Each structure stands twice: as structure tokens, then as C-alpha cells.
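Q: I'd like to ask you about the structure that follows.
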Amino acid sequence: HNAGWTVRFAPTAVVTHLGGASGAAEKARINRHFFESLDYYERKNHGRVGLVAFRGAMAVGSLLRSVLWTAALPVKRGAALAKLRLHLWLVWRQTTSWGCMRTPVQRPKQASMVE
């Protein structure tokens, strides 16, 4: 409404969520954006120390999961391989990609209590 669009209500509308089907072809890009947004949230709300702690915990957790998914490879080949790749990528990302530390965090302006 604030952008000038007309808002309408359609009580008979039905939405069916297909569990990530819209982004299935672009998993890598979606994962990258998801984890970039997590970095932004952590830094904005917990500062640089919080971000470093969060990423350290993520790296350790992903490393441990990588070990478990490696053990599951003989039993669940396809699913285990996909999870193993994801967690190895996360370990790499959480320990090497630190551009989020240089990007300034934009905090929204606080609304004035007295107007």
C-alpha cells in the first residue's frame, strides 16, 4: 500500500507450497544468500564477536556432520553424498569467507517516541 499498489483480498485463493521446488535448480545460489543473511543478522544483533562465535560453532557442527555423512555413504549413497558436499562447503565457507566483517551494518533509524 505504501508503494502505491492497490491491495485486494481474495478469500478463495489457495497456495500450494512445493517444498523448495522454485529454487531447486539454483541450490548453490540460494545457500549462499541464506548464509550471507545469517552473517548479516548475527553481526547486526551480536556484533563481530558474536559473528565469529556463530561461524566457529557452524564450522565445528558441519565438520562433525561431515564425519557422520561419510560413515553413511555405503548405506544412503545419494542423500549422504549431497549432505556431505553441503557440510564440507559450509566448513570451507565458515572458515574462509570473511567479507561480512568489512561490510558496514546498516541499522534502521529508531522511530521517535515523541512526535
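Q: Within segment 39-57, can one find any residue that is in a helix (DSSP H, G or I) and either acidic (Asp, Glu) or farther than 30 Å from ARG102 by Cα (or both)?
A: Yes, there is a match, as at least one residue in segment 39-57 is in a helix (DSSP H, G or I) and either acidic (Asp, Glu) or farther than 30 Å from ARG102 by Cα (or both).
Q: State all residues of segment 1-33 that are open to solvent by less than 90 Å² (accessible area, probe 1.4 Å) and either acidic (Asp, Glu) or farther than 15 Å from LEU90 by Cα (or both); if no residue qualifies, say none.
A: The answer is ALA3, GLY4, ALA10, ALA13, GLY19, GLY20, ALA21, GLY23, ALA24, GLU26.
Q: Kindly check whether there is at least one residue in segment 81-88 that is assigned to a helix (DSSP H, G or I), under 15 Å from the mean Cα position of the chain (by Cα) and surrounded by 13 or more Cβ atoms within 10 Å (Cβ to Cβ).
A: Yes - at least one qualifying residue is present in segment 81-88.
Q: Filter segment 37-80 down to the residues that are surrounded by 15 or more Cβ atoms within 10 Å (Cβ to Cβ) and aromatic (Phe, Trp, Tyr) and list them by number.
A: Scanning segment 37-80 gives TYR40, PHE54, TRP69.
Q: Among the numbered conditions (1) out of contact with any helix residue (DSSP H, G or I) (no Cβ under 6 Å at 6 or more places or on another chain); (2) among the hydroxyl-bearing types (Ser, Thr, Tyr); (3) open to solvent by 60 Å² or more (accessible area, probe 1.4 Å), tell me where SER97 comes up short.
A: Here SER97 clears every test but (3).
Q: Something else: Just wondering, is there one or more residues in segment 65-88 that are in contact (Cβ under 8 Å) with a residue 60 or more places away in the chain and at negative phi?
A: no
Q: Here is a follow-up. Which pairs turn up if I take residues in segment 34-59 that are within 12 Å of LEU90 (Cβ to Cβ) and look for partners that are of a type in the set (A, V, I, L, M, F, W, C) and assigned to a helix (DSSP H, G or I) with beta carbon separation below 7 Å, at least 6 apart in sequence or on another chain?
A: Qualifying pairs under 7 Å: MET58/LEU90; ALA59/VAL91.
The values are calculated or read from the model by the stated rules, or taken from the named source; none is laboratory data. Note that the coordinates shown come from a computational prediction; the quantities given were computed from them, not determined experimentally. For neighbour counting, all protein chains shown are included, and Cβ atoms are generated from backbone atoms with ideal geometry for every residue, glycine included. Note: accessible area is taken over every heavy atom of the protein model, side chains too, but ligands, DNA and RNA are not part of it. Shrake-Rupley method; radii C 1.70, N 1.55, O 1.52, S 1.80 Å.
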